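Novice: Shown below is the structure under consideration.
Throughout, read-outs are computed from the coordinates displayed, never taken from laboratory work. Nothing here was measured: the structure is a model prediction, and the numbers come from that model.
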Ligand SMILES: Cc1ncc(COP(=O)(O)O)c(C=O)c1O
């Protein structure tokens, strides 16, 4: 049976395979395994792509978020507001600092953090608010930043939104954002990698120092940091894929529009809710997340997987219902939109190279599964 993966990393690799060999040879010849010219070139190129002044390459997206939060002044005992509907790492980065995640619900159509709920959750101990640009579309970051009190910084989780824009604004511009280059992301490395992007030079310098044992020059340590650096070999991969990212995002948008059309009958029959793009957003479709009605979602995913279709769930439990964050003291019913979405959502295969025929097979299998 022909498999249709959730993300086709082999197809993505085929596009860059030749170019990578030459790049890897350059790194091997220089033995520039950590940092070096490829990393610096990638940081320049990604900053330009992201429309921000500075990019600091780091070891993964969770570190990037922790570093961006630390550079924004978040420390032990501070509160950080973030959505219950996100990947666990958003909360994990906060917890690793010794700060306290303060969770808020999502809006029911886009499933992005509810901005009013976020503002309502801001108190005297709030040091940061973290909108998550989930599934590839931007949450209202600039609107939030304008409404926050001076003691609360805006730190964007842009792990899933490389290339996304909202009203012409890119994540991190005028502020600070963290992103992940986990292999399955729109811009994926061949291992773990991430970056902090910002227009604030001081914060960029602090992130760079914190990520390199607090070093501001060789063996000069002004702050206590840790080790979170980007590898030269990963930078080669990221540069080659960055050159293709705008086209890849456009192909994802075309594929998402195709799904919208192909799924119209299921929507009309009341079996399915499609993802919603907020006006003013340029969506980059990291994930195409539908919600089923009147069906057991896990059974539907099981049937699709049995047909060789790599449907997934992002995410089966909102942060407050994970054992890891049970100590926050929430229960079922606290964030009803996030909870209902977690029970109903499922992600269909979506990647730049997906064909209309593959999508039709996904839709046919989903129609059968929902019968
Ligand atoms: C929303 C979100 N935040 C943070 C992360 C953490 O990134 P990483 O896995 O590179 O640490 C991810 C991806 O995994 C993510 O999807």
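Novice: Roughly speaking, what is the centre-to-centre gap between the range 340-371 and the range 242-301 when only Cα atoms are used, to the nearest Å?
Specialist: Using only Cα atoms, the two centres lie 8 Å from each other.
Novice: Counting only helical runs of four or more DSSP H residues, what would the 222 nm mean residue ellipticity of the chain come to if each run contributes -39,500 (n - 2.57) and the total is spread over all its residues? Intermediate values should be presented prior to the final figure.
Specialist: On the way: 13 runs with 147 residues, N = 371.
Rounded to the nearest 500, the figure is -12000 deg cm²/dmol.
Novice: Using only the C-alpha atoms of the range 47-134, find the volume of their convex hull and express it per residue in Å³.
Specialist: Spread over its residues, the Cα hull of the range 47-134 gives 106 Å³ apiece.
Novice: Please report, largest first and rounded to whole Å, the three semi-axes of the ellipsoid equivalent to the range 284-371, where each semi-axis is the square root of five times an eigenvalue of the C-alpha gyration tensor. Don't skip to the answer; put the middle values down first.
Specialist: Details: eigenvalues 159, 42, 21 Å².
Whole-Å semi-axes of the equivalent ellipsoid: 28, 14, 10.
Novice: Restricting to Cα atoms and excluding each atom paired with itself, what does the Kirkwood estimate give for the range 83-156 in Å?
Specialist: Taking the inverse mean of 1/r over all distinct Cα pairs, the range 83-156 comes out at 12.4 Å.
Novice: For the range 35-87, just say rounded, prolate or oblate: build the C-alpha gyration tensor, square-root its eigenvalues into a ≥ b ≥ c, call rounded for a/c under 1.5, and beyond that prolate if a/b exceeds b/c, oblate if not.
Specialist: Here the range 35-87 falls in the prolate category.
Novice: Right, here's the next one. Need one number: the % of Cα-Cα pairs in the chain sitting beyond the 30 Å mark.
Specialist: On the way: 26196 of 68635 pairs.
For the chain, the fraction of Cα-Cα distances above 30 Å is 38 percent.
Novice: Volume per residue, Å³, of the convex hull around the alpha-carbon atoms of the range 142-268? Could the numbers behind the result be given before it?
Specialist: Working: hull volume 20.5 nm³, N = 127.
Considering the Cα atoms of the range 142-268, their hull volume per residue is 161 Å³.
Novice: Using only Cα atoms, locate the centre of the range 80-118 and the centre of the range 167-198, then give the distance between them in Å, rounded to an integer.
Specialist: Here the two parts' Cα centres lie 18 Å apart.
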